[in-house]
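Structure first, commentary second.
The values are calculated or read from the model by the stated rules, or taken from the named source; none is laboratory data. The structure displayed is predicted, hence computed values, not measured ones. All Cβ positions, even for glycine, are placed from backbone atoms using ideal geometry, and neighbour counts span all protein chains on display. Side chains included, ligands, DNA and RNA excluded: accessible areas come from the protein's heavy atoms. Shrake-Rupley method; radii C 1.70, N 1.55, O 1.52, S 1.80 Å.
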Amino acid sequence: MSDRLDMTVMYATHNKLRRELTHITRASARFDSDPRYILRVGADWEMFRRALSAHQSAEDDALWPHLRRALEDRPFDLARLEAREAEHAAIISLVGAINGALTAPGIELDLFGELTEALLSGLVGHLDREEESVFPLVQSALGADLWGHFRQVHALRVGPYAPQLLPWLLDGADERTVDFVLASFPAPARQAYEHRWRLSSRTTI
């Protein structure tokens, strides 16, 4: 069965978040004296936080409410959605704890390692479950107009950080994914990506 709604942007974002968090977790583990160092001095953690925040807030504000209304007569499917929504709160809490721990003078490094590992397993599990249980509900219950609205909101949330986030998100993506993601943005942003942002990201990210 072919999907009615093209979810390329969702899968591209999920896959980048998975890759980046795995990279961050492994990289921080290499610094035995203080594994927080790599997160403090590199751009990867900040880029990851911004991308995750933009993605989850767009879902919370412009996708889940519409889906919740569409599922009000389907209690079991609604429960699956609510479970994914609850996971958002736990992920946000872990990200906040890790970010605070980067500069906390007295934190035990074993605890910091537990936090990063918990985020890795929690977020990857959440993304997997969202794709398996919620994406089919989006396909069956939402129309193209509401899905288009979500894509616009998602692009707007990325917008303030687009010069950094777009090259980061699309790094390594195939041509179809790049074209589809860029189509969510106005022409000036697409042109800036092609002629400025993508080139500058090679030295700044």
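Roughly how much of Ser28 is accessible, in Å² to the nearest 10, using a 1.4 Å probe?
10 Å²
At what distance in nm do the modelled label points of Glu108 and Ala83 sit from each other, each positioned 7 Å from its Cα along Cα→Cβ?
Each label point is offset 7 Å from its Cα along the Cβ direction, giving 3.2 nm.
Using alpha-carbon pairs under 8 Å, 6+ residues apart, how would you state the relative contact order of the chain in percent? Show your work: numbers first, answer last.
On the way: 148 pairs, mean separation 65.0, N = 205.
So the answer I get is 32 percent.
Pop the C-beta distance of Asn99 and Asp73 into the FRET formula with R0 = 30 Å and round what comes out to the nearest 0.05. Kindly include the intermediate steps, with their values, before the conclusion.
Working: r = 40 Å, r/R0 = 1.34.
That pair, Asn99 with Asp73, gives E of 0.15.
Say each of Glu194 and Asp61 gets a label point 7 Å from the Cα, pointing the same way as Cα to Cβ; how far apart are those two points in nm?
It is 3.0 nm.
Mind checking the dipole of the chain: about its Cα centre, +1 per Lys or Arg Cβ, -1 per Asp or Glu Cβ, Debye to the nearest 20?
Numbers: 23 positive and 30 negative charges, 138 e Å.
Approximately 660 debye in magnitude.
Subtracting the Cα-Cα distance from 0.36 nm times the residue separation, let me have the gained length for Arg40 to Arg129 in nm, one decimal.
Values: separation 89, 0.36 × 89 = 32.04 nm, distance 3.04 nm.
Additional length available on full extension: 29.0 nm.
Please report the accessible area of Phe180 (heavy atoms, 1.4 Å probe, ligands and nucleic acids excluded) in Å², nearest 10.
Using a 1.4 Å probe on the heavy atoms, I get roughly 40 Å².
Tell me the accessible surface of Glu46 in square angstrom (1.4 angstrom probe, heavy atoms of protein chains only), to the nearest ten.
Counting only protein heavy atoms, Glu46 exposes about 70 Å² to solvent.
Under the 0.36 nm per residue contour assumption, what length would be gained going from the current alpha-carbon distance of Asn15 and Glu117 to full extension? Walk me through the intermediate numbers first.
Numbers: separation 102, 0.36 × 102 = 36.72 nm, distance 1.78 nm.
Extra length available between Asn15 and Glu117 comes to 34.9 nm.
Quick one: grab the alpha carbon gyration tensor of the range 95-205, order the square roots of its eigenvalues as a ≥ b ≥ c, and give me rounded if a/c is under 1.5, else prolate or oblate depending on whether a/b is larger than b/c. Mind showing how you got there, number by number?
Working: a/c = 2.46, a/b = 1.29, b/c = 1.90.
Here the range 95-205 falls in the oblate category.
Relative contact order of the range 61-178: what whole-number percent is it, with Cα pairs under 8 angstrom and at least 6 residues apart? Walk me through the numbers on the way to the answer.
On the way: 47 pairs, mean separation 42.4, N = 118.
Result for the range 61-178 is 36 percent.
Quick check on the chain: helices-only [θ] at 222 nm, where DSSP H runs of length 4 and up contribute -39,500 (n - 2.57) each and the sum goes over total residues. Nearest 500, please. Provide the component values of the computation, followed by the final result.
Numbers: 12 runs with 153 residues, N = 205.
The helix-only estimate for the chain comes to -23500 deg cm²/dmol at 222 nm.
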